[in-house]
Amino acid sequence: MASGRTDATAIEDAIGRFIADDLLLGSGGAKLDPQEPLISGGLVDSLALVQLIVFLEEAFQITVRDGEVVPENFQTIRRIAALVAERRSQ
Amino acid sequence: MTVVTRDDLLLLGFLAAASGVRALPRSVRVECIDSLAAMLGTIWYRADRRRAQEVRSNMQEVLGDWSSPSQVEPVVRAYFKNCARSMLVNALLPALSLHDMGRFLRLESGEHLETALAQKRGVILVGAHFGLHGYTVLMFLQTLGYHLAIVSVEGIAPDGASLVRRKVVNPVRYAFHSYMNVIARTGAPRRELVEWLRQGHILMIMGDVLDANALTRPSPYVLPVTLLGRCVPLNTGPFRLARWLNAPVLPFFVVPCPTGFAVRIERPLPLSGETSVSGLRADLTAFADLLGSHVARYPALWANWGLYSGLRHVMHASDSSN
């Protein structure tokens, strides 16, 4: 259980760092909250979302299917991390 | 839902005019484009007083020193003629061969494009709503044998669009786009952008989109830069894409030349290596400077004077570095 939580936290941290450093170029201020709305909050636009998907595929060795690219899966860092964990377990 | 608007009737008029020209023998089609554009542009200028006033106010406010009506009015009239020509040529594109297009359009400094393509990292052509822009350039370069795609709103009816716009105007207007590679700007993520560039092809993006959406997105997706001495928010997408994929960015402008218009390909922009907002703004500023110099030289050719209602309110007289 503890290991599962650690994995999830590590995934969230990696995604959060990518968004803060590579997408927001450090302009996002303090560390991102994993529950912060990314799309409706304007933290990612459509191109940033493509960058994020490619990052997830390369960093976590997963494939994100087109059908999975829906706002519900990408609304927060926590939701994205859950998607990554789910894809890795398959 | 609104059934029909004044703009729908205008677009239908251009589509009807283009159909009329298409019915002419091939040998005379190109000859009549300019005179027909002048006639349609004059009618448009006189009939659509509200839009003419908007264009006039935008030009006077943004270009500042054009305070006298005698200076600005010929430019406003020329603006409508240019818009009429663009719309007419766009509607005529399916009926024009490379030979036909070559009679009023030529490629200038194509060696910059060849050199960039040879690097095999894809090429981002960043243009503006200037001269014979968008689909005309796409079709011309495509007919010349280049593999390119354009990022465009492509027939997506805006919220509140009329019934005639949805059911008649757009289907007719965009029917011939099946000949083209268009990546629709829908607001959803489009992986095709990346795949297309990774295949070493050309992606064409308009760098001066000033719609409401462009104004609301936060930094670094939209950044304020100086254009024509004003502060204006521009989309950083083309430059973020270029940095990510290490693709060269070549600005292009369609400028007047003795035989009509030239698609002038500029040298690749020297992109800042800084992974920071200020580095991204420097890239955007280099493009804005080029655009500003072209608009200042050929003001009537910039379609944005009339595309956005209240352009002068978007282009603030404030410092873009804030």
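Bridgeable aspartates and glutamates around B:K120 (alpha carbons under 20 Å apart, same-chain partners fewer than 8 residues away excluded): B:E111, B:E192, B:E195, B:E266.
Using a 1.4 Å probe and counting only protein heavy atoms, how much accessible surface gets buried when A and B come together, both sides summed, in Å² to the nearest 100?
1600
Between rounded, prolate and oblate, where does region B:169-322 land on the alpha carbon gyration tensor, with a ≥ b ≥ c its root eigenvalues, rounded for a/c under 1.5, else prolate if a/b exceeds b/c?
On the way: a/c = 1.29, a/b = 1.08, b/c = 1.20.
It is rounded, given that a/c, with a ≥ b ≥ c, falls under 1.5.
Mean per-residue shielding of peptide B:219-226 is 3, counting Cβ atoms of other chains within 10 Å of each Cβ. Restricting the count to DSSP beta bridges whose residues both fall in chain B, what percent are antiparallel, rounded to a multiple of 5? So the antiparallel bridges amount to about 45 percent of the total. Label separation (A:T63 vs A:T9): 3.3 nm, computed from points 7 Å beyond Cα along the C-beta direction. Computed packing ranks the peptides A:39-47, B:294-302 as B:294-302, A:39-47, most packed first, by mean other Cβ atoms within 10 Å.
State the volume of the convex hull built on the alpha-carbon positions of the protein assembly as shown, expressed per residue in Å³ and rounded to an integer.
So the per-residue hull volume is 153 Å³.
Remark: the protein assembly as shown carries 45 Å² of accessible area per residue (probe radius 1.4 Å; ligands, DNA and RNA excluded).
How many partner chain Cβ atoms sit within 10 Å of a residue's Cβ in peptide A:34-47, on average, as a whole number? Each step should come with its number before you reach the end.
Details: counts 0, 0, 0, 0, 0, 1, 0, 1, 6, 2, 2, 12, 10, 13.
Neighbouring Cβ atoms belonging to other protein chains average 3 per residue here.
Amide H contacts of A:E36: A:I77, each under 5 Å away and 5 or more positions distant or on a separate chain (H built 1.01 Å from N in the peptide plane; Pro and chain starts excluded).
Considering only B:A91, B:I150, B:S219, the residue lying farthest towards the positive end of the dipole of the protein assembly as shown is B:A91, judged by Cα position with unit charges set on Cβ.
Hey, got the average number of other protein chain Cβ atoms within 10 angstrom for residues in B:190-196?
Numbers: counts 4, 7, 1, 3, 5, 0, 0.
Neighbouring Cβ atoms belonging to other protein chains average 3 per residue here.
For the protein assembly as shown, the share of DSSP beta bridges that are antiparallel, to the nearest 5, is 45%.
Judged by the ratio a/c of the largest to the smallest principal axis of the C-alpha gyration tensor, chain A counts as oblate, that ratio being 1.5 or greater while a/b is no larger than b/c. By the rule of a C-alpha distance below 19 Å, with chain neighbours fewer than 8 residues away ignored, the aspartates and glutamates paired with B:K167 are B:D7, B:D8, B:E154, B:D159. Under 15 Å from a label point set 7 Å out along the Cα-to-Cβ vector of B:T216, the amide N atoms of region A:39-70 belong to A:39-46.
Shape class for region B:117-188, computed from the alpha carbon gyration tensor (a ≥ b ≥ c): prolate, with a/c not under 1.5 and a/b above b/c.
The values are calculated or read from the model by the stated rules, or taken from the named source; none is laboratory data. Note that the structure is a prediction, hence the values are computed from the model and not measured. Note that each Cβ is placed from the backbone with ideal geometry, even for glycine, and that neighbours are counted across all protein chains shown. The protein model used for the area step is the full one, side chains on, heavy atoms only, and it has no ligands, DNA or RNA in it. Shrake-Rupley method; radii C 1.70, N 1.55, O 1.52, S 1.80 Å.
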